[in-house]
Amino acid sequence: MNRQVSASNISYLVQYGLVRKIGYNGTTQVIKQDLLNYFENSYHYKRKQEWKDKLGADLNWALSFEQYREAQTTKHVHRLHPYKGKFIPQLVEYFLDSHTDNFKRDVYFRKGDIVLDPFCGSGTTLVQSSELGIHAIGVDVSAFNSFISNVKLGRYDIDNLKTEVGRISGLLVEFLKNSNTIKFENELVKELFFFNNKYFPSPDYRYKVKRG
């Protein structure tokens, strides 16, 4: 399928009736052809074809990065804070790193160079430059954006950080012990289980509906 397909991907497709689940003995199995049919007719595949028809050989579909999961496109510090309009780190890496391909035929940046990002936003370019050994300077009109970037790029005492995280975690555990939060959440999960079983169709039913 030219992409990683995880267990959670398959569970999602089964849950929404997009592929059929085989067997009910505690393990989930699916038919490989169902997966192939889904991905070949999926939104991403159709989108690729539409752009290929428009651009032909000029299309560099590698820059869609559609093979990456959300956890990969928000790796490590990029997950610290949501930011609208943020591009993924893999896009920055593509232009900054030392690889070449049919579209990127020269290496433009090398270790020790300086990159200036005059509209740095949440600091994605700055972080990826630093990872590649490239110095980076970022400027942004928003003080909050500058704050996010500085937090991502700062040097920290890991031992002090561990101590502080432990202290905060301990306070949270104490808070939960002395509140009704966990009791309420357990009761809510039970009620949702009964509600969903009563009012929501099964994956098998959804699968049949989608196929008429």
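When residues in the stretch 29-44 are screened for being assigned to a helix (DSSP H, G or I) and of a type in the set (A, V, I, L, M), 2 of them pass.
Which ones in the stretch 70-87 are among the charged types (D, E, K, R) and surrounded by 13 or more Cβ atoms within 10 Å (Cβ to Cβ)?
Within the stretch 70-87, Lys75, Lys86 qualify.
Checking the stretch 78-90 against the condition returns a match, with at least one residue being assigned to a helix (DSSP H, G or I), on the phi < 0 side of the Ramachandran plot and touching a residue at least 40 places away in the same chain (Cβ under 8 Å).
Residues checked against (1) of a type in the set (Lys, Arg); (2) in contact with a Ser or Thr (Cβ under 6 Å, 6 or more places away or on another chain); (3) on the phi < 0 side of the Ramachandran plot; (4) touching a residue at least 12 places away in the same chain (Cβ under 8 Å):
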residue: Lys111; (1), (2), (3), (4): yes, no, yes, yes
residue: Phe144; (1), (2), (3), (4): no, no, yes, no
residue: Ile148; (1), (2), (3), (4): no, yes, yes, yes
residue: Val151; (1), (2), (3), (4): no, no, yes, yes
residue: Leu172; (1), (2), (3), (4): no, no, yes, no
residue: Leu176; (1), (2), (3), (4): no, no, yes, no
residue: Ile182; (1), (2), (3), (4): no, no, yes, no
residue: Phe193; (1), (2), (3), (4): no, no, yes, no
residue: Lys208; (1), (2), (3), (4): yes, no, yes, yes
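Of the candidates Val115, Val141, the single residue that is at pLDDT 95 or above, out of contact with any Leu (no Cβ under 9 Å at 6 or more places or on another chain) and either surrounded by 14 or more Cβ atoms within 10 Å (Cβ to Cβ) or assigned to a loop (DSSP other than H, G, I, E, B) (or both) is Val141.
The number of residues in the stretch 139-171 being closer than 27 Å to Gly121 by Cβ and of a type in the set (Gly, Ala, Ser) comes to 5. Residues that are surrounded by 13 or more Cβ atoms within 10 Å (Cβ to Cβ) and in contact with a helix residue (DSSP H, G or I) (Cβ under 8 Å, 6 or more places away or on another chain) within the stretch 88-109 comprise Ile88, Pro89, Gln90, Leu91, Val92, Glu93, Tyr94, Leu96, Lys104, Phe109, listed in sequence order.
Residue count for the stretch 132-152, restricted to those that are charged (D, E, K, R) and under 11 Å from His78 (Cβ atoms): 1.
Criterion first (farther than 30 Å from Asn145 by Cβ and either part of a helix (DSSP H, G or I) or more than 13 Å from the chain's Cα centre (by Cα) (or both)) does Val19 satisfy it?
yes
Between Gln67, Gln72, the distinction of being under 13 Å from the mean Cα position of the chain (by Cα), of a type outside the set (Asp, Glu) and part of a helix (DSSP H, G or I) belongs to Gln72 only. The set of residues from the stretch 59-85 being among the charged types (D, E, K, R) and modelled with pLDDT under 85 comprises Glu66, Arg69, Glu70, Lys84.
The values are calculated or read from the model by the stated rules, or taken from the named source; none is laboratory data. Remember, it's a predicted structure, so these values are computed and weren't measured experimentally. Here the Cβ is made from the backbone with ideal geometry for all residues, glycine too, and neighbour counts use every protein chain on show.
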